[in-house]
Structures are given as C-alpha cells and as structure tokens.
Amino acid sequence: MVGAFVVLAKCADWLVEGAADLARHLKVPPILIGIVIVSVGTTTPELAVSIQATLDGNAQLALGNAVGSVIYDDGLALPMVAFFAPAVVLIDRVVLRSAAVFLIIVDLLAYYMASDGTLSRGEGAVLVFGFVLYLVYTYWEHRRGRQVVDEDELDHEPSSWGRTILLMVAGLVGVLISSEGIVLAAPVIALSMGVSDIIVTLVIVALGTSIPEIATCIVAARKGQGGLAIGNILGADILNICWIAGASASVNALHVSTDVIHFMFPAMIIIVLTMLGLMRMGYRFERWKAVILLVMCVTYLGLLLTTNPGALTSEIH
C-alpha cells in the first residue's frame with residue numbers, strides 16, 4: 001500500500017507536468033490548464049482506483065473513493081492554500097458563482113441517484129454527461145474573457161515534445177499500475193484490522209489518491225498562485241462526482257449499502273456548502289476559514305471511525 005501511494009503521487013506529478021507542457025505547446029488558455037487540465041491530471045488517481053475497483057466488483061471502494069476525495073480536497077488540500085500562500089488569496093467572484101452552482105447541483109443530483117443504494121449505469125452516464133457540460137461551459141466562460149488562473153502559467157517555455165510525451169505516458173502507466181496495487185491492498189488491510197472495507201476506503205484510499213491535489217495546492221500556494229490551486233480544487237470536486245463516480249457506474253452499476261450512502265454523501269455536501277460559503281464571504285480565502293474546513297475534516301474522520309458505517313453490511317472482497 002505504501003509503495004503504491006509513493007508511485008501514485010510521483011507518477012501523477014509527471015502526468016500533470018506533461019499535461020501542462022502539452023497545453024503550452026498547443027497554446028491552450030490558462031483557465032483550461034488550471035481548472036480543466038490540472039484538475040483532470042490530479043484526479044487521475046481517483047479515476048484509476050475507482051474504475052479498477054468497479055471491475056473487481058468492489059462498489060464501495062469505487063464510490064467511497066470518489067466521495068471521500070471531495071471531502072479531503074476541501075477539508076485538507078484547500079486549507080493548505082491559505083497556510084502556505086504568502087498573501088490572502090483573492091477569488092474571482094464570477095467563476096466562483098458559476099462553479100458553486102454547478103457543484104451544488106451535481107452533488108445533490110448524485111446523492112438523489114444513489115439514495116436507494118444503487119448508482120446505475122444510466123445514472124452514471126448522466127453524471128459523465130454533466131462532466132462534458134462542465135468542459136463546454138469552462139471553454140465558453142474563457143471565450144467570454146473570464147480568467148481564474150495566473151497568466152504567468154504560460155510565460156515560460158515548455159519542455160521538448162519528446163519529454164512532454166514521455167512524462168504523460170510514464171505518468172499514466174504508473175498511475176494505472178499503482179492504482180491496481182491500492183485496490184489489491186485495501187481489502188487485505190481491512191481484514192487484518194478487523195474493520196469494514198468502507199473504513200479503509202474512506203480514510204486510507206481516498207486520502208491517498210488526494211495526494212496530488214494536496215501537493216498541487218502546497219506548491220501553487222508557495223509560488224503565489226493561490227488562484228490556480230483553488231481552481232484545481234473546484235475542478236477536482238466536480239470531476240470526482242461527474243467523471244470518477246459517473247464513469248465507474250457506467251462501467252458497472254455500483255451497489256452500496258444505504259447506511260454508507262446516507263453517511264458519506266451528507267458529510268460531503270455539508271463540507272462543500274461550507275467551503276463555498278466561506279469563499280463567498282468577501283471573496284477572500286483566509287487562514288481562519290482554512291482552520292474551519294480542517295476542523296470539519298478531522299470531525300468527519302472522527303465520526304467515521306466511531307460510527308463505522310457499513311460495518312454490519314459491507315463485505316471484505
């Protein structure tokens with residue numbers, strides 16, 4: 001498990017770097033690098049783990065990883081922006097408003113679909129279609145002249161085409177291989193610890209696959225590019241539900257115990273609404289707001305470990 005996480009984090013970093021260089025080669029606008037390309041790259045581990053878990057018949061791992069990653073992105077990765085940024089991060093109010101509306105609708109829709117304990121293939125396809133709409137809207141928003149990431153992202157020259165392609169291919173292959181290791185190790189750990197696999201899913205796996213977002217937020221904040229980091233998190237939140245959960249369900253319907261559904265989805269929605277509300281206050285992301293999100297994340301972990309949702313119904317695969 002540890003070895004897989006190390007490979008996962010490094011290869012995801014290569015994938016993001018290669019994708020960013022490709023965008024510079026093709027002169028893709030900054031907003032697509034920050035919100036779409038970077039977030040797609042950093043959520044690749046979640047996608048790979050969830051798809052592999054779906055193919056292995058472990059629906060709780062697939063869906064729990066997607067939902068849990070949203071919680072860790074907002075409650076752990078995002079606070080790193082405020083803690084490491086040299087100044088208070090200002091937030092584009094137009095972009096936040098549109099992203100917030102889309103994110104809230106997607107989260108509530110996904111919860112409604114999964115509330116009966118099943119996220120069907122058709123419902124997964126609807127979420128994937130929502131991801132496509134997100135991409136189209138992001139491009140349309142850029143065409144209207146709205147910017148959310150720093151223009152400096154395109155200032156320096158990209159690496160050679162050979163290095164760019166090598167980074168992307170090596171990163172993708174490494175992510176896929178390491179995700180297989182995580183899926184294989186998670187049930188074994190759950191069995192040896194005597195706890196349900198949903199605990200390992202929502203704590204270890206979801207946190208581990210959020211490492212790229214956490215690393216991206218810290219690096220971007222230290223470089224004074226907090227807007228890029230925030231854009232990455234907003235994009236990753238949408239992608240985790242629309243793309244990761246949706247694509248996993250499209251491959252094979254996800255059947256998860258209802259007590260697990262009614263624990264993790266409300267927890268995710270509460271922290272997402274809190275995050276959006278805090279950003280809406282003055283359109284500034286300050287450290288005291290980061291502390292609130294961090295406390296909520298720790299509280300979630302505490303409740304997860306004490307209530308042990310799904311302990312009686314989940315099976316070790």
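Points worth noting:
- Selection count, the range 118-130, where residues are surrounded by 20 or more Cβ atoms within 10 Å (Cβ to Cβ) and either among the aromatic types (Phe, Trp, Tyr) or not in a helix (DSSP H, G or I) (or both): 1
- Close Cβ contacts (under 9 Å, 6 or more residues apart or on different chains) running from residues in the range 112-133 that are over 22 Å from Val260 (Cα atoms) to residues that are of a type in the set (Phe, Trp, Tyr) and in a helix (DSSP H, G or I) comprise Val128/Trp243; Gly130/Phe102; Gly130/Trp243; Phe131/Trp243; Leu133/Phe102.
- Residue pairs meeting the criteria (Cβ under 9 Å; at least 6 apart or on separate chains; first without any contact (Cβ under 8 Å) to a residue 40 or more places away in the chain, in the range 259-273; second buried (at least 17 other Cβ atoms within 10 Å of the Cβ) and assigned to a helix (DSSP H, G or I)): Ile270/Met296; Ile270/Tyr300
- The helices (runs of 4 or more DSSP H) found entirely in the range 1-117 that carry 2 or more residues being at pLDDT 90 or above and over 30 Å from Leu166 (Cα atoms) are 59-72, 78-84, 93-114.
Conditions tested, residue by residue: (1) of a type outside the set (Gly, Ala, Ser); (2) closer than 26 Å to Met279 by Cα.
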| residue | (1), (2) |
| --- | --- |
| Asp21 | yes, no |
| Arg24 | yes, no |
| Ser50 | no, no |
| Ala59 | no, no |
| Ser69 | no, yes |
| Ala85 | no, yes |
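- Residue-level check: of (1) small (Gly, Ala, Ser); (2) closer than 14 Å to Tyr72 by Cβ; (3) surrounded by fewer than 18 Cβ atoms within 10 Å (Cβ to Cβ), Ser192 misses just (2).
- Scanning the range 279-301 for residues that are in contact with a strand residue (DSSP E or B) (Cβ under 8 Å, 6 or more places away or on another chain) and surrounded by 19 or more Cβ atoms within 10 Å (Cβ to Cβ) turns up Met279, Phe285.
The rows are residues; the columns are (1) part of a loop (DSSP other than H, G, I, E, B); (2) modelled with pLDDT of 80 or more; (3) more than 17 Å from Leu22 (Cβ to Cβ).
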position: Arg163; (1), (2), (3): no, yes, no
position: Ile177; (1), (2), (3): no, yes, yes
position: Val183; (1), (2), (3): no, no, yes
position: Ala206; (1), (2), (3): no, no, yes
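- The lone exception for Ala87 - which of (1) surrounded by fewer than 16 Cβ atoms within 10 Å (Cβ to Cβ); (2) within 18 Å of Thr138 (Cα to Cα); (3) of a type outside the set (Phe, Trp, Tyr) it fails: (2)
- Considering Ala290, Ala236, Ala267, the condition of being touching an Asp or Glu at 6+ places or on another chain (Cβ under 6 Å) and either modelled with pLDDT under 90 or assigned to a helix (DSSP H, G or I) (or both) is satisfied by Ala236 alone.
- Verdict on Val295 being in contact with a helix residue (DSSP H, G or I) (Cβ under 9 Å, 6 or more places away or on another chain), in a helix (DSSP H, G or I) and touching a residue at least 24 places away in the same chain (Cβ under 8 Å): no
The values are calculated or read from the model by the stated rules, or taken from the named source; none is laboratory data. Because the structure is a prediction, the values reported are computed rather than measured. Using ideal geometry, Cβ is built from the backbone for each residue, glycine included, and neighbour counts are taken over all protein chains shown.
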